[in-house]
1. Which of Met125, Met87, Met116 comes first, and how do the rest follow, when ranked by fewest Cβ neighbours within 10 Å?
2. Would you kindly give the portion of the calculated P(r) for the stretch 5-63 that falls above 17 Å, as a percent of all Cα pairs?
3. Taking 0.36 nm per residue of separation and subtracting the Cα-Cα distance, what length does fully extending Asn16 through Glu152 add?
4. Can you put Val6, Val146, Val111 in order, fewest other beta carbons within 10 Å first?
5. What ranking do Thr150, Thr129 get, fewest neighbouring Cβ atoms within 10 angstrom at the top?
6. Give me the number: length gained by fully extending Arg168 to Arg33, i.e. 0.36 nm times residue separation minus the C-alpha to C-alpha distance, one decimal in nm.
7. Relative to the longest principal Cα axis of the chain, at what angle does helix 80-99 sit, 0 to 90 degrees, rounded to 10?
8. From Cα pairs below 8 angstrom and at least 6 apart in sequence, can you work out the relative contact order of the chain, rounded to a whole percent?
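We did not get these values from a lab; they are worked out from the coordinates using the rules stated. These numbers come from a predicted model, not from an experiment. Cβ coordinates were reconstructed from backbone atoms using ideal geometry, including for glycine residues, and neighbour counts include every protein chain displayed.
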Amino acid sequence: MGAGRVGRKELRAIQNALAKEFGASQSPASIARVLSDEGAELKHPEIIECDAKWRGAQIEKEEARFKSLNEALSEPSLSIEEGEALMREMELLRSRFSETDDREALQRLKVIAIEMRQLALSAGMDQKTDEPVRRQQQEIAEWLTVWLQTPELFEQWLDLRKRSPEFRNKFER
């Protein structure tokens, strides 16, 4: 690139070229490490700042993928309708992550589902909560259990579950 020293501008150019060529973004720090090993003179403050900004953007991007799921984790309880919408979103994300073989995102999705299940189970056993809300939380916990065990079959199972007499007696008025 003809630069005497490598800083933010050069790192971004290399980062963009690598992403274009290989489809994956490398951290500025990892690029700087390779350049340093090859004898490049680095502008350390710029590199540190560039890497910190890049990592912050990566975290924000990752959080955006799971935003509504993370928001649901902060809710004390979900209605059946909210639970169903959430489950459909989880299944959409699971399908998308499976297609792209994003194992890290799939694992994160599974962890979120386990946390949601625990919250629903706790709310379903809380004697201070109204009985209809407890039943809904128990139902949602069951949905999450099925999804965690057999996500590929979940949508068909949920459709059958909602048509069952037991479900209709509990939740349809």
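1. Ascending number of Cβ neighbours within 10 Å: Met125, Met87, Met116.
2. Pairs farther apart than 17 Å: 36 percent.
3. Additional length available on full extension: 45.3 nm.
4. Val111, Val146, Val6
5. Sorted ascending by nearby Cβ count, the order is Thr150, Thr129.
6. 42.5 nm
7. 40
8. So the answer I get is 15 percent.
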